Amino acid sequence: MRGRLEWRALRRAPDVDLLLALAAFAALLVDPLLLHKITELTPVMGVLAFLTAVPLAARRRFPLGVLAIELPLLLACLAVFHPNRAAVGITMLLVFTVGLEGGRSRSLVVGALMAPIVTAAVFITGTRVGPVDIIAYSSLVLGALLAGETLRARQELGRALAEDAARKREAAAQHRFDEERLALAHEIHDIIGHALVAINVQAAAAARRERKAGQGEATALDEIASASAEALTELRTAVKALRTAQEGPAPLHPIHDMASLPDLVAGVEAAGLAVDLDVIGVPAALPASVGHAGYRIVQEGLTNVLRHSTARQARVRVEVDDRAVVIDVTDDGRQRATTFPAGGHGLRGMQERAAALGGTCEAGTVNGAGWKVRARIPLDRTGS
């Protein structure tokens, strides 16, 4: 394989064409002397041979143009000093290049035109001309054209096979990645799902016991049971979506987007945190990926307030325009001494969601008396 690549690189080198042009110049002058067609060279012959050899340096960049220039010059050389074999060799090189660098239709046109040109060249030589001579020279020229066409087709086939092999390798790597991702998703589901089931069962059982004991409605326990049941449903749905990804995109159900923010805020307020929701623009018109990412960022921002702050009041501001979605989640409390949200997985998850859509997410204190999360997701790099 390495040898073929080195040969291909050598064959493509511009220096090779210059050497061929120099060799053609020498052959045009030496050939008639060896055949005893002439006894000495003249300046006219040298100039004519030089003009014929120079275009060969550009034969691969302009195969048809060089062929069109060379054929009249070669006929002129044959008429003046009869470099018969050199002319045949140069013509074979030119038509071989046309077949190698061109296409099937171009080769057919050139092949059809070469027959009368070869016939004219044979007559110009001034020797006895018979059908055998015309057929022999035509066969040499057309054979060179066919050789170039065959080599081109073989190279195209090799490139197609290499591209197909690369696609298969990429598909196999993607398949292995999907399998590993699915296995990891199942592992996460087993770990987190087990904990959520235990929380849900224990919270529901505790709520029922308090009701039976006549202690009224167990609101907090009911909220825990409801939240854990919803989280477990979403976890199972996400794993199912990963499992069916090869059959087509499987949307998460229920789909959470910006339109679901009032329900999210209501659930947070039930946990004891007052939330002021301010939405500017039309969130319902957002692409699904942006809407879902925005919902999750708001959800994680409010969750961080509940877990890591003493705040009793939070504000969520969502501004939607033609260029981007800007999300601000702020609170008026202080961080608990035992926690620091900037170093946890929550902020990292928000940053990764925003970055996946070409956006940013930052978090930090506000005048030392609160915490603020700001995310910006552009709309021009996302799709629905």
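Could you work out the Kirkwood radius for region 2-129, taking every pair of different alpha carbons, averaging 1/r and inverting it, reported in Å?
Radius from the Kirkwood sum: 15.4 Å.
Quickly rank 164-173, 132-141 as a protection proxy: mean count of other C-beta atoms within 10 Å, highest first.
132-141, 164-173
Ranked from highest to lowest mean number of other Cβ atoms within 10 Å per residue, what is the order of the peptides 276-287, 76-87?
Descending mean neighbour count gives 76-87, 276-287.
If we sort 90-103, 108-121 on the protection proxy, mean other Cβ atoms within 10 Å, highest first, what's the order?
Ranked by mean Cβ neighbours within 10 Å, highest first: 90-103, 108-121.
Return the aspartates and glutamates within reach of Lys212: Cα separation strictly under 17 angstrom, same-chain partners fewer than 8 residues apart disregarded; answer none if there are no such residues.
Asp222
Largest first and in whole Å, give the semi-axes of region 258-378's equivalent ellipsoid, each being the square root of 5 times a Cα gyration tensor eigenvalue.
With the √(5λ) rule applied to region 258-378, the semi-axes are 22, 16, 12 Å.
Bear in mind that the values in this text are calculations on the coordinates, not laboratory data. Predicted model, so just to flag it, every value in this text is computed and none were measured. Using ideal geometry, Cβ is built from the backbone for each residue, glycine included, and neighbour counts are taken over all protein chains shown.
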